[in-house]
1. Which is buried (at least 22 other Cβ atoms within 10 Å of the Cβ) and either touching a strand residue (DSSP E or B) at 6+ places or on another chain (Cβ under 6 Å) or under 13 Å from ALA79 (Cβ atoms) (or both), of ALA159, ALA205, ALA111, ALA118?
2. Working carefully through the options GLY229, GLY185, find the one that is surrounded by fewer than 20 Cβ atoms within 10 Å (Cβ to Cβ) and farther than 26 Å from LEU52 by Cβ.
3. Which members of the stretch 36-69 meet the condition of being surrounded by fewer than 23 Cβ atoms within 10 Å (Cβ to Cβ) and out of contact with any strand residue (DSSP E or B) (no Cβ under 7 Å at 6 or more places or on another chain)?
4. Here is a list: VAL5, VAL33. Which entry is in contact with a Leu (Cβ under 7 Å, 6 or more places away or on another chain), more than 10 Å from VAL68 (Cα to Cα) and part of a strand (DSSP E or B)?
5. What's the number of the only condition in (1) in contact (Cβ under 8 Å) with a residue 24 or more places away in the chain; (2) on the phi < 0 side of the Ramachandran plot; (3) not in a strand (DSSP E or B) that GLU214 fails to meet?
6. Looking only at the stretch 70-79, decide whether some residue is of a type in the set (A, V, I, L, M, F, W, C), farther than 20 Å from HIS35 by Cβ and in contact with a strand residue (DSSP E or B) (Cβ under 6 Å, 6 or more places away or on another chain).
7. Would you call ALA23 surrounded by fewer than 22 Cβ atoms within 10 Å (Cβ to Cβ) and either touching a strand residue (DSSP E or B) at 6+ places or on another chain (Cβ under 9 Å) or assigned to a strand (DSSP E or B) (or both)?
8. Which of the following residues is in contact with a Lys or Arg (Cβ under 9 Å, 6 or more places away or on another chain) and of a type in the set (Gly, Ala, Ser): GLY231, GLY208?
Amino acid sequence: MGVVVFFSDFGWAGPYVGQMEAAALAVAPQVRVVHLMHDAPAFRADLAAYLLAAAARMLPREWVVCAVVDPGVGSARRALAVRTRKRWLVGPDNGLLAILARREGIEAVYALDVPCEAAPTFHGRDVFAPAAAQLACGMSPTMQRASSMQGEEMPEDLARVVYIDGFGNLVLGVRAQGPMEVRIGKMRLPWRRTFAEVPPGEALAYCGSLGLVEIAVREGSAAARFGLGLGDAVVCRASNAAQEHPYKA
């Protein structure tokens, strides 16, 4: 039994997520569906690519990822199915799949056919979900081999805010590699392992559960404290210091 994992910027309200799942089940009723997240940065495939790569890194092999952050839907941008060494990735050719595909190792890139009856504003339902369901169950959608995909020039890590969670924690597109030096302007944040290692109201940087560098204020909102939003740059680099002097924001 195949599994399709959905990732999008659709949000949880409205009909879109349900329609995606229904479209997958209509093609392959036996497929299982996992909703990884639907609050990826809206319209920002350049940021969501790093979030997708981090969120998908622990998925079992052969679970098909169907990712949709697609402001160019209905335009000349291609619809892709990418075979990596671990799985199929399905989504728009706008860089969204690039980081995950690169890290998993690209074996082949295909351009999916877009049916003439597909809604020009909802390829997630009419193109990507059915193709992902077919691939998950060993079927083959109509597609042609392609030589490349968008996003090959994207850096491996991105020192910008790629996600703000419900607590106001700032997630950067940088994989945590031991202690990291994290600065906001001239302010250097202490690198800590857990929130409990700083007093309430103090800021910290840490390795989040996605393996990415995150910034938080214990029992508060880092987004509100520092006035940072999606796409804002933060100085973030490897540090040799295991402990930093605390900074009270």
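1. Result of the check over ALA159, ALA205, ALA111, ALA118: ALA205.
2. Of GLY229, GLY185, the one residue that is surrounded by fewer than 20 Cβ atoms within 10 Å (Cβ to Cβ) and farther than 26 Å from LEU52 by Cβ is GLY185.
3. Answer for the stretch 36-69, where residues must be surrounded by fewer than 23 Cβ atoms within 10 Å (Cβ to Cβ) and out of contact with any strand residue (DSSP E or B) (no Cβ under 7 Å at 6 or more places or on another chain): ASP39, ALA42, PHE43, ARG44, ASP46, ARG57, MET58, PRO60, ARG61, GLU62.
4. Result: VAL5 is the single residue among VAL5, VAL33 that is in contact with a Leu (Cβ under 7 Å, 6 or more places away or on another chain), more than 10 Å from VAL68 (Cα to Cα) and part of a strand (DSSP E or B).
5. Of (1) in contact (Cβ under 8 Å) with a residue 24 or more places away in the chain; (2) on the phi < 0 side of the Ramachandran plot; (3) not in a strand (DSSP E or B), only one is false for GLU214: (3).
6. The answer is yes, given that some residue of the stretch 70-79 is of a type in the set (A, V, I, L, M, F, W, C), farther than 20 Å from HIS35 by Cβ and in contact with a strand residue (DSSP E or B) (Cβ under 6 Å, 6 or more places away or on another chain).
7. Taking the combined requirement at face value, the residue does not satisfy it.
8. None of the others qualify; the one that does is GLY231.
The values are calculated or read from the model by the stated rules, or taken from the named source; none is laboratory data. Fair warning: this is a prediction, and the values are worked out from it, not measured in the lab. FYI the Cβ positions are ideal-geometry reconstructions off the backbone, even for glycines, and counts take in every protein chain you see.
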